[in-house]
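**Q** This is the structure, below, for whatever I ask next.
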2 protein chains.
Amino acid sequence: MVKSNRRKFLASVAGIAAVSAANGTSLMAKEKKYIAHQVYFWLKNPGSSEDRAELINGIKTLRKIDSVKKITIGVVATTEKRSVIDDSWSVSELALFTDLAAQSAYQVHPIHLDFIKNYSHLWSKVVVYDSAEV
Amino acid sequence: MVKSNRRKFLASVAGIAAVSAANGTSLMAKEKKYIAHQVYFWLKNPGSSEDRAELINGIKTLRKIDSVKKITIGVVATTEKRSVIDDSWSVSELALFTDLAAQSAYQVHPIHLDFIKNYSHLWSKVVVYDSAEV
């Protein structure tokens, strides 16, 4: 019986893999379309690695907000300089939400309000781009 | 022998699931850190849904570039208007790369050069943010 259940479990997992393969996707792929909330922060002290690290730690606290699907944090990449590239910012936050309501809930969540209260002294400018995946 | 191989395959798939569960991640999660190439396009004719659709189709061709890990395409989301939000653009492209070399290869790839040649008449402005995930 135990062995039978184990086989059923294995067959079930293999089934997921087979369906994914049939769809031309891997197990790692996510097909859900998200609302992307992209934020760029300009530090008051852009040369301060301490301030940058502090802001990154602050953004990490936002991952605890239940309506957040995923947050990735970035710093300026050392790609080739081109006139169309804005590399004047210091830290980026990309937050993904399953829908607009989840993004609205994030805006007014106590953890987000605490983040603004505790970390906004670090930045001089913020620019936000909210996009809906097509 | 065939049955033995099948069992090995099933055990292997189940092993991936077990490791993922042990790491506190799901099979859907990706833990790799990417170079994110985020582009915002302003259309010459921002009111033209035809031009927007044409540009989106153009960006989709970039997915064929072998050094691209993933490209997601967005349009302005109908989130609440706030002073920090820039919603003056029309189409966004987020391209993920495994490293800086892959992003450089994308820039000079014939498919990318064709994209610029064939679709740049549609846009009046492009802003790029290249970030390295931390």
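**Q** Name the residues in region A:70-115 that are open to solvent by 10 Å² or more (accessible area, probe 1.4 Å), of a type in the set (S, T, N, Q), within 14 Å of B:Ala132 (Cα to Cα) and within 16 Å of the chain's Cα centre (by Cα), would you?
**A** A:Thr72
**Q** Quick check: is even one residue across region B:117-133 under 23 Å from A:Lys32 (Cα atoms), facing chain A (nearest Cβ under 7 Å) and open to solvent by 20 Å² or more (accessible area, probe 1.4 Å)?
**A** For region B:117-133, residues under 23 Å from A:Lys32 (Cα atoms), facing chain A (nearest Cβ under 7 Å) and open to solvent by 20 Å² or more (accessible area, probe 1.4 Å): present.
**Q** Residues of region A:65-86 being at the interface with another protein chain (Cβ under 7 Å from one of its Cβ atoms) and out of contact with any helix residue (DSSP H, G or I) (no Cβ under 9 Å at 6 or more places or on another chain), which ones?
**A** Across region A:65-86, the qualifying residues are A:Thr72, A:Gly74, A:Val76, A:Val84, A:Ile85, A:Asp86.
**Q** Report the residue count in region B:40-52 for those that are in contact with a strand residue (DSSP E or B) (Cβ under 9 Å, 6 or more places away or on another chain) and within 14 Å of chain A (Cβ to nearest Cβ).
**A** Of the residues in that region, 4 qualify.
**Q** Let me ask something else about it. Could you tell me which of the residues B:Leu62, B:Leu55 is more than 7 Å from chain A (Cβ to nearest Cβ), touching an Asp or Glu at 6+ places or on another chain (Cβ under 8 Å), open to solvent by less than 50 Å² (accessible area, probe 1.4 Å) and part of a helix (DSSP H, G or I)?
**A** Among B:Leu62, B:Leu55, only B:Leu62 is more than 7 Å from chain A (Cβ to nearest Cβ), touching an Asp or Glu at 6+ places or on another chain (Cβ under 8 Å), open to solvent by less than 50 Å² (accessible area, probe 1.4 Å) and part of a helix (DSSP H, G or I).
**Q** Checking A:Lys33 against (1) without any contact (Cβ under 8 Å) to a residue 60 or more places away in the chain; (2) open to solvent by 90 Å² or more (accessible area, probe 1.4 Å), which test does it fail?
**A** In the conditions (1) without any contact (Cβ under 8 Å) to a residue 60 or more places away in the chain; (2) open to solvent by 90 Å² or more (accessible area, probe 1.4 Å), A:Lys33 misses (1) alone.
**Q** OK, next. Could you say whether any residue in region A:12-19 is modelled with pLDDT of 95 or more, surrounded by 13 or more Cβ atoms within 10 Å (Cβ to Cβ), touching a Leu at 6+ places or on another chain (Cβ under 9 Å) and not in a loop (DSSP other than H, G, I, E, B)? Write out each step before concluding.
**A** Of the residues in region A:12-19, the ones modelled with pLDDT of 95 or more are none.
Within region A:12-19 (the criterion being modelled with pLDDT of 95 or more, surrounded by 13 or more Cβ atoms within 10 Å (Cβ to Cβ), touching a Leu at 6+ places or on another chain (Cβ under 9 Å) and not in a loop (DSSP other than H, G, I, E, B)), the answer is no, since none of the residues qualifies.
**Q** What pairs come up if the first residue lies in region A:58-81 and is touching a residue at least 24 places away in the same chain (Cβ under 8 Å), the second is hydroxyl-bearing (Ser, Thr, Tyr), and their beta carbons are under 7 Å apart, counting only those six or more places apart or on different chains?
**A** These pairs meet every condition: A:Gly58/A:Tyr119; A:Ile65/A:Tyr106; A:Ser67/A:Tyr106; A:Val68/A:Tyr106; A:Lys69/A:Tyr34; A:Lys69/A:Thr98.
The values are calculated or read from the model by the stated rules, or taken from the named source; none is laboratory data. The structure displayed is predicted, hence computed values, not measured ones. Cβ sites come from the backbone with ideal geometry, for glycine too, and all protein chains shown count toward neighbours. We work out accessible area using only protein heavy atoms, side chains counted, and drop any ligands, DNA or RNA first. Shrake-Rupley method; radii C 1.70, N 1.55, O 1.52, S 1.80 Å.
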